[in-house]
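Novice: Sharing a structure with you now.
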Amino acid sequence: MKPIKTRILLADDDEDDRLFFADALESLKAETEITTVHDGEKLMEFLEDENNELPHILFLDLNMPCKNGFECLDAIRLSERLKHMTVAIYSTSAEERDIETAFVKGANVYIRKPSDFDSLKKALTDVLNVNWQFHTGGLNRDTFLFSI
Amino acid sequence: MKLYVKYDINLACKVILQEKLEDFGIEYELKELGEVEIRGTLQPDLQKQLEAALERYGIRIVSNHKNTLIEKTKDIIIEMIYEKEKLPNTNISTYLADRLNHSYGYISNLFSEVTYSSIENFIIIQKIERAKQLIIEGELTLTEISYQLNYSSVAHLSNQFKKTTGLTPTAFQRIIKKRAGAR
């Protein structure tokens, strides 16, 4: 009874990171479908276009040109249509300050970008599972916080 | 300003169910944990109307035996976690088996098969969810919360909280407070 395909949107300006992420996602057992965008402005254009189906989970890099991850997160949480979307910050920063700021601004998940493939696979599996629990388990979305 | 309310989900659902059944003039008897005995049978038309009326409250009619058993298992666990006095003196597996009249092995396998998660995992998730709620309500200290949720110590609760959410209870509390302040 899992959803047919989990729609994933990844916003990351680094091409290597995008490929790495897509490969890891591809290798999971879970059925997923990925769309990628290269910067914050492209991300907001995609999300605000009502012809596009909203992703089940947005993976958002913090350091991006044009509009950074925090700015995007602010815009998403202020938008009636987007504010309930699951947002996972996907960043190289392991600084407590960034992690806390992300959660205070309304992120649901914070992932420190892993450097090896297996850790990334595990992190993605965990995030998909946790998100699934929150969607189906009647858990409170306002307190959905998960750091990995 | 913000109000924090406490509610009894079981009671709320029961009242809604009773009101709706009475609205439709259905003769019924409420059994425990989401079982309703209907006198006679429901016309398909009437059942559809009832389903529609209940749907807006998030109440669904589940007829399938397997699903019903899973729903009951979840209800018993949630009831146990939310009402301290319902915590059994025996271990949870014996308690579930007694209440549901099936062996724990059967219940546990069925649960994993249907929900893709083990009963143990479900219990942990629900306990942490409850802990989050109690932390936000702010009436109890962490020590009291760990006692209420049957943890052997605060350290045990903190560890499980950290394992489940990636955050310590204190960091969680700080974030939720800051969030409330930022809005």
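The values are calculated or read from the model by the stated rules, or taken from the named source; none is laboratory data. Here the structure is a predicted model, which is why all the values come from computation and not from measurement. Don't worry about glycine lacking a Cβ; one is built from the backbone with ideal geometry, like all the others, and counts go over all protein chains shown.
Novice: Residue check, B:GLN148 against (1) within 13 Å of another protein chain (Cβ to nearest Cβ); (2) surrounded by 15 or more Cβ atoms within 10 Å (Cβ to Cβ); (3) polar (S, T, N, Q), all met but one. Which one?
Specialist: (1)
Novice: Could you list, in sequence order, all residues of the stretch B:1-14 that are more than 13 Å from the chain's Cα centre (by Cα) and either among the aromatic types (Phe, Trp, Tyr) or at pLDDT 90 or above (or both)?
Specialist: Correct list: B:TYR4 only.
Novice: Moving to a separate point now. Would you say B:ILE128 is touching a residue at least 60 places away in the same chain (Cβ under 8 Å), of a type in the set (A, V, I, L, M), under 25 Å from A:ASP126 (Cβ atoms) and within 11 Å of chain A (Cβ to nearest Cβ)?
Specialist: On the way: touching a residue at least 60 places away in the same chain (Cβ under 8 Å): no; of a type in the set (A, V, I, L, M): yes; under 25 Å from A:ASP126 (Cβ atoms): yes; within 11 Å of chain A (Cβ to nearest Cβ): yes.
So B:ILE128 fails the test.
Novice: Continuing with this model, one more query. What number goes with the only condition from (1) closer than 30 Å to A:GLU100 by Cβ; (2) within 11 Å of chain A (Cβ to nearest Cβ); (3) within 19 Å of the chain's Cα centre (by Cα) that B:ALA180 does not pass?
Specialist: (3)
Novice: It is to be established whether one or more residues within the stretch A:57-68 are of a type in the set (D, E, K, R) and without any contact (Cβ under 8 Å) to a residue 40 or more places away in the chain.
Specialist: The answer is yes; a qualifying residue exists.
Novice: Looking at the stretch A:72-88, which of the residues that are more than 14 Å from every other protein chain (Cβ to nearest Cβ) and farther than 14 Å from A:LEU10 by Cα is surrounded by the most Cβ atoms within 10 Å (Cβ to Cβ)? Break it down stepwise before answering.
Specialist: First, the residues of the stretch A:72-88 that are more than 14 Å from every other protein chain (Cβ to nearest Cβ): A:72, A:75-76, A:79-82, A:84-86.
When the remaining residues are screened for being farther than 14 Å from A:LEU10 by Cα, the result is A:75-76, A:79-82, A:84.
On the way: A:ALA75: 16, A:ILE76: 22, A:SER79: 14, A:GLU80: 6, A:ARG81: 11, A:LEU82: 17, A:HIS84: 11.
Result: A:ILE76.
Novice: OK, next. Does the stretch B:111-121 contain at least one residue that is more than 14 Å from every other protein chain (Cβ to nearest Cβ), in contact (Cβ under 8 Å) with a residue 12 or more places away in the chain, within 18 Å of the chain's Cα centre (by Cα) and more than 30 Å from A:LEU78 (Cα to Cα)?
Specialist: no
Novice: In this structure, does B:VAL114 turn out to be part of a loop (DSSP other than H, G, I, E, B) and either in contact with a helix residue (DSSP H, G or I) (Cβ under 6 Å, 6 or more places away or on another chain) or surrounded by 14 or more Cβ atoms within 10 Å (Cβ to Cβ) (or both)?
Specialist: Working: part of a loop (DSSP other than H, G, I, E, B): no; either in contact with a helix residue (DSSP H, G or I) (Cβ under 6 Å, 6 or more places away or on another chain) or surrounded by 14 or more Cβ atoms within 10 Å (Cβ to Cβ) (or both): yes.
No: the conditions fail for B:VAL114.
Novice: Examine the stretch B:95-102 for a residue that is of a type outside the set (Val, Ile, Thr), under 21 Å from the mean Cα position of the chain (by Cα), within 14 Å of chain A (Cβ to nearest Cβ) and surrounded by 17 or more Cβ atoms within 10 Å (Cβ to Cβ), and state whether such a residue exists. Full working, then the answer.
Specialist: In the first step, residues of the stretch B:95-102 are kept if they are of a type outside the set (Val, Ile, Thr); the result is B:95-102.
Retained after the next criterion (residues that are under 21 Å from the mean Cα position of the chain (by Cα)): B:95-102.
Cutting the leftovers down to within 14 Å of chain A (Cβ to nearest Cβ) gives us none.
Checked against the condition, which is being of a type outside the set (Val, Ile, Thr), under 21 Å from the mean Cα position of the chain (by Cα), within 14 Å of chain A (Cβ to nearest Cβ) and surrounded by 17 or more Cβ atoms within 10 Å (Cβ to Cβ), the stretch B:95-102 yields no hits at all.
Novice: Please go through the stretch B:139-150 and pick out each residue that is free of Cβ contacts under 8 Å to residues at least 12 places away in the same chain and not in a helix (DSSP H, G or I).
Specialist: Of everything in the stretch B:139-150, those that are free of Cβ contacts under 8 Å to residues at least 12 places away in the same chain and not in a helix (DSSP H, G or I) turn out to be B:GLU139, B:LEU140, B:THR141.
Novice: So which of B:ILE81, B:ILE76 ends up being in contact with a Lys or Arg (Cβ under 9 Å, 6 or more places away or on another chain), within 14 Å of chain A (Cβ to nearest Cβ) and not basic (Lys, Arg)?
Specialist: Going through B:ILE81, B:ILE76 in turn, the sole match is B:ILE81.
Novice: Right, next: Tally time: how many residues in the stretch A:89-148 are within 9 Å of chain B (Cβ to nearest Cβ), in contact with a Leu (Cβ under 7 Å, 6 or more places away or on another chain) and modelled with pLDDT under 90?
Specialist: 3
Novice: Is there any pair linking a residue in the stretch B:164-177 that is closer than 16 Å to A:ASN140 by Cβ and at the interface with another protein chain (Cβ under 7 Å from one of its Cβ atoms) to one that is part of a helix (DSSP H, G or I) and among the acidic types (Asp, Glu), with Cβ under 7 Å and at least six apart or on different chains, and which?
Specialist: B:ILE175/A:GLU100
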